[in-house]
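Some notes on the structure that comes next.
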Amino acid sequence: MTKKDIKNELEYIEKVKNINEGRNLKYNILTMGCQLNENDSEKICGMVEKMGYTKTDEILEADLVIYNTCCVRENAEEKLFGKLGEVKKLKEAKGTIIAIGGCMMQEKHIVEKIKKSYKYDVIFGTHTLQNFPKDLYNAIMQNKKITDILDIDGEIIEGLPIKREDNIRASVTIMNGCNNFCTYCIVPYVRGRERSRNPEDILDEVKKLAQDGYKEITLLGQNVNSYMRVERERGEAPEEINSFAKLLRAVNEIEGIEKIRFISPHPKDFTDDVIEAIKDCEKVSKFIHLPLQSGSTKVLKLMNRKYSKQQYIDLVEKMKNKIPNVKFSTDIIVGFPEETEEDFEDTLDVVRKIKFEQIFMFIYSRRVGTPADKMDGQIPEEIKHKRFDRLKDLYEEMLKEINKEYIGKTLDMLVEGYSKTNKKLLTARTDTNKVVVFEGEDSLIGKTVPVEIISEHMWYLKGRV
Ligand code: SF4
């Protein structure tokens, strides 16, 4: 594990702060994509606030606008270009600084297009986050456009300031990159190869969060349960905590933390030691995200997922036998190239058998630069949408039944705050990530309390303390 010393880079935070002294500057940030990007944005906000900017949700007020981009979904590019079109007027009117970072900036054709057709000041990539203060400083002082992209895999960066969005739940990135090369996915090309953070750094971060009153931790990574695998193979892993199972056990020991979740794992890396650790660690959630992607062995092979339909079902059975009350959520892609009606039926079959508590459903969309984009047998949009609707109908039908099973149960839940849609109600989530709303005193926020479920409403449950 190479850990980069970023002392020099961090000095630029102070330099920008000096330029900004007494100017009451504001920034606005838009984060696209997954929780890893959100965690990166928390680091960007941490740096930017130390540079003297305060956050605003109103883009018109902003002196600095930051887009932290994602390139996993098809419409992300149109969304970014739309935003850059809108912010152009702001730049012309008041000289707003425009910074664009994240996964999409690792795609050469996107960067070229921005350079050719849009206004910007700083472009930074996934491996150059720590350079952002320096890039911003140079853009301001030299009044020129800065592009700071690295193609090689970034080193592990520790010590960036962070401004967390929540004060009860926090995400902690434990590894970066991915070596799996699923044929539909752009992540290995834009986030680089797998590299794991040192366990001591992770544990220190979690301990600090516990001291600050955080109760729930989500361990993040593109392939979280292969933590330290590459380092083990190279003989570079530490002696003690050298696997995901051991990391889970170590985080479980940290006082003050009440719940530990993790995303995203890969079914092929659910080794017996990980299953045992989930069973043994009382704080580790028994709600497991297990991305299926397709129920057809043929499609799974085309996707390069490295498991078959039966192996996936067997894994779920094994976990059900070992971990009492384990429940699952999943991701499913509909309409992958070559998917026949029979293949799609295989997906529905797995959904019926496993009864997922939550399904994240996606219609396959082509991503430039991935092997699946060049595959024959692309499925017509109409068929993809019809299959998607059939899967959705099945899921909703099953969800009603699953939700009914909660009624009358009393579950211990961490009260997270007020409901987003009704500020008079409090909100919490079941271990299975279902939102529960109920009446209660403000003083319950941040505490774990028993809540009885009294009714179900498809996407949320109602309860009483
Ligand atoms: S495991 Fe597959 S889907 Fe997940 S990030 Fe890696 S390549 Fe992408």
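Below, the figures for the structure above:
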{"item": "Kirkwood Rh, Cα atoms: Rg over Rh of segment 286-404", "result": "0.98"}
{"item": "Helical contribution to [θ] at 222 nm, DSSP H n ≥ 4, -39,500 (n - 2.57), averaged over the chain, rounded to 500", "result": "-11500 deg cm²/dmol"}
{"item": "Over 31 Å (Cα to Cα) - which of LYS279/LYS447; LYS17/LYS91; LYS207/LYS301; LYS134/LYS423; LYS7/LYS207; LYS163/LYS434 fall in this group", "result": "LYS207/LYS301; LYS134/LYS423"}
{"item": "Segment 410-464 - Rg over Rh from alpha carbon coordinates, Kirkwood radius", "result": "0.91"}
{"item": "Solvent-accessible heavy-atom area per residue, rounded to whole Å², over segment 286-404 at 1.4 Å", "result": "46 Å²"}
{"item": "Nearest-10 value in Å² for the accessible area of ARG164, using the 1.4 Å probe", "result": "40 Å²"}
{"item": "Relative counts (whole %) of C-alpha pair distances in segment 252-338, using bins that are 10 Å wide", "result": "16, 47, 26, 10, 2, 0"}
{"item": "Exposure of THR297 as accessible area (Å², to 10), given a probe of 1.4 Å and all protein chains", "result": "70 Å²"}
{"item": "Solvent exposure, largest accessible area first (probe 1.4 Å, DNA, RNA and ligands not counted), of SER296, SER117", "result": "SER117, SER296"}
{"item": "For segment 102-122 versus segment 1-75, the gap between their alpha-carbon centres in whole angstrom", "result": "17 Å"}
{"item": "Accessible surface ranking that places the most exposed of ILE123, ILE19 first, with a 1.4 angstrom probe", "result": "ILE19, ILE123"}
{"item": "Relative contact order [Cα under 8 Å, 6+ residues apart], the chain, whole percent", "result": "10 percent"}
{"item": "Heavy-atom surface of segment 214-265, accessible at 1.4 Å and reported per residue (Å²)", "result": "40 Å²"}
{"item": "Antiparallel bridges, percent of DSSP beta bridges restricted to the chain (to nearest 5)", "result": "30 percent"}
{"item": "Accessible-area composition of the chain, carbon plus sulfur, in percent [1.4 Å probe]", "result": "48 percent"}
{"item": "Positive-end residue, the chain charge dipole about Cα centroid, Cβ charges, pick of SER365, THR56, CYS178", "result": "THR56"}
{"item": "1.4 Å probe accessible area per residue over segment 3-148, in Å²", "result": "46 Å²"}
{"item": "Whether segment 9-89 is rounded, prolate or oblate, judged on the alpha carbon gyration tensor where a/c under 1.5 counts as rounded", "result": "oblate"}
{"item": "Net charge of neighbours whose Cβ lies under 15 Å from the Cβ of LYS116, counting Lys and Arg as +1 and Asp and Glu as -1", "result": "+3"}
{"item": "10 °C / 1.306 mPa s Stokes-Einstein diffusion coefficient of segment 18-165, Kirkwood radius on C-alpha pairs, µm²/s", "result": "103 µm²/s"}
{"item": "Prolate/oblate/rounded label for segment 140-270 (Cα gyration tensor, a/c 1.5)", "result": "oblate"}
{"item": "Relative contact order %, segment 3-148, counting alpha carbon pairs below 8 Å whose residues are six or more apart", "result": "24 percent"}
{"item": "Span from the segment 386-446 Cα centroid across to the segment 271-333 one, whole angstrom", "result": "23 Å"}
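The values are calculated or read from the model by the stated rules, or taken from the named source; none is laboratory data. The model shown is predicted, which means the values in this text are computed figures rather than measured ones. Heads up, the Cβs are rebuilt from the backbone with ideal geometry, glycines too, and the neighbour counts pull from every protein chain shown. We work out accessible area using only protein heavy atoms, side chains counted, and drop any ligands, DNA or RNA first. Shrake-Rupley method; radii C 1.70, N 1.55, O 1.52, S 1.80 Å.
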